[in-house]
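Report on one structure; see the data block that follows.
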Amino acid sequence: MDIQANLKGILDELPAGVSLVAVSKFHPREAIEEAYRAGQRVFGESRVQELLGKQPLLPADIQWHFIGHLQTNKVKYVAPFIAMVDAVDSWKLLEEIDRQGARCGRIISCLLELHIAQEGSKYGFSFDECREMLGNGAWRNLRNVTICGVMGMGTNTDDMRQVAQEFASLHDFFTELKQDYFAGDSNFKEISMGMTHDYPLAVEAGSTMVRIGTKIFGERIY
Ligand SMILES: *Cc1c(COP(=O)(O)O)cnc(C)c1O
């Protein structure tokens, strides 16, 4: 695996304005260091234990994204350093991130995860659940979170028309939320979609942030 060449290949073809989260879950510290030496600073992990094991051993200017399902009782462990929680899938979790952010004097960036796939991940708000949460307005009182946009995962299928449709639906939903709740809010700007097998489609559909693991680091060993 030539991690640096893989990284360069991806970065060279990503349009300006699309950022890369290098998904390093299940890969060792050495792999992350190699990507770091090539200039990558944003990494994604999906398990708290694994992240807590790696973070202290790696450079302090790494921006860690938590991309997996985060249990509310574990927020306190990542709150002191996490750069973004990419997959907020409940009001309870958003509230807890706010509470823990306040405890450590931080304002934590979050993305709202929408369930757009037919199959695969069971996590994420439905569009209606998300509308309902934002519609009741309580989120406006949270001082220690910033809602920076939306995140979603397409169905894991070879039917690229279906995946393209799912990405388009997330883009439309972002536009709706922007209009209805975040019109004057320049922080609300991210549409995080696209992984190794579908990121070109996601970019075409307006992704601003892709999350790529396998194409950089190789297959994960579970
Ligand atoms: C693992 C994971 C990725 C990266 O997947 P690859 O197929 O290895 O690129 C992206 N997003 C989430 C939420 C993940 O869990």
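The values are calculated or read from the model by the stated rules, or taken from the named source; none is laboratory data. This is a predicted model, so every value here is computed, not measured. In this analysis, Cβ positions are derived from the backbone assuming ideal geometry, glycine residues included, and neighbour counts consider all displayed protein chains. Accessible surface areas use protein heavy atoms only, side chains included; no ligands, DNA or RNA. Shrake-Rupley method; radii C 1.70, N 1.55, O 1.52, S 1.80 Å.
Listed residues 51, 14, 58; which is more than 12 Å from the ligand (Cβ to nearest atom), of a type in the set (A, V, I, L, M, F, W, C), under 18 Å from the mean Cα position of the chain (by Cα) and farther than 24 Å from residue 123 by Cβ?
Numbers: 51 fails: farther than 24 Å from residue 123 by Cβ; 58 fails: under 18 Å from the mean Cα position of the chain (by Cα).
Every option except 14 fails the conditions.
Of all residues in segment 17-44, those that are without any contact (Cβ under 8 Å) to a residue 24 or more places away in the chain and among the aromatic types (Phe, Trp, Tyr) have Cβ atoms under 8 Å from Cβ atoms of residues that are open to solvent by less than 30 Å² (accessible area, probe 1.4 Å) and part of a helix (DSSP H, G or I), 6 or more apart or on another chain, in 43/32; 43/35.
Taking first residues from segment 69-84 that are in contact (Cβ under 8 Å) with a residue 24 or more places away in the chain and partners that are of a type in the set (S, T, N, Q), the Cβ contacts under 6 Å between residues at least 6 apart in sequence or on separate chains come to 75/100; 76/100; 79/100; 83/63; 84/109.
Applying the criterion of being of a type in the set (A, V, I, L, M, F, W, C) and open to solvent by 10 Å² or more (accessible area, probe 1.4 Å) to the residues of segment 149-178, the residue that is nearest to residue 119 (Cα to Cα) is 153. Apart from one condition, residue 47 fits all of (1) open to solvent by less than 40 Å² (accessible area, probe 1.4 Å); (2) out of contact with any strand residue (DSSP E or B) (no Cβ under 8 Å at 6 or more places or on another chain); (3) not aliphatic (A, V, I, L, M); the exception is (1).
You will find that of 52, 94, the residue that is among the aliphatic types (A, V, I, L, M), open to solvent by 20 Å² or more (accessible area, probe 1.4 Å) and over 19 Å from residue 211 (Cβ atoms) is 52 and no other.
Quick check on segment 121-128. Is at least one of its residues at pLDDT 95 or above, more than 16 Å from the ligand (Cβ to nearest atom), farther than 26 Å from residue 167 by Cβ and open to solvent by 30 Å² or more (accessible area, probe 1.4 Å)? Full working, then the answer.
Start the filter on segment 121-128 by keeping residues that are at pLDDT 95 or above, which leaves 124-128.
After this cut, where a residue has to be more than 16 Å from the ligand (Cβ to nearest atom) as well, the list is 126-128.
Pick out the ones that are also farther than 26 Å from residue 167 by Cβ and you get none.
No, segment 121-128 contains no residue that is at pLDDT 95 or above, more than 16 Å from the ligand (Cβ to nearest atom), farther than 26 Å from residue 167 by Cβ and open to solvent by 30 Å² or more (accessible area, probe 1.4 Å).
Against the numbered list (1) within 16 Å of the ligand (Cβ to nearest atom); (2) aliphatic (A, V, I, L, M); (3) within 20 Å of residue 45 (Cα to Cα); (4) in a helix (DSSP H, G or I), residue 97 comes up short only at (1). Residues of segment 188-222 that are closer than 18 Å to residue 1 by Cβ and open to solvent by 10 Å² or more (accessible area, probe 1.4 Å): 195, 196, 197, 214, 215, 217, 219, 220, 221, 222.
For residue 77, state whether it is hydroxyl-bearing (Ser, Thr, Tyr), part of a helix (DSSP H, G or I), out of contact with any strand residue (DSSP E or B) (no Cβ under 8 Å at 6 or more places or on another chain) and open to solvent by 70 Å² or more (accessible area, probe 1.4 Å). Lay out the reasoning, then the answer.
Working: hydroxyl-bearing (Ser, Thr, Tyr): yes; part of a helix (DSSP H, G or I): yes; out of contact with any strand residue (DSSP E or B) (no Cβ under 8 Å at 6 or more places or on another chain): yes; open to solvent by 70 Å² or more (accessible area, probe 1.4 Å): yes.
The answer is yes for residue 77.
All of (1) open to solvent by 40 Å² or more (accessible area, probe 1.4 Å); (2) under 29 Å from residue 13 (Cα atoms); (3) at pLDDT 95 or above; (4) away from the ligand (no atom under 13 Å from the Cβ) hold for residue 118 with one exception: (3).
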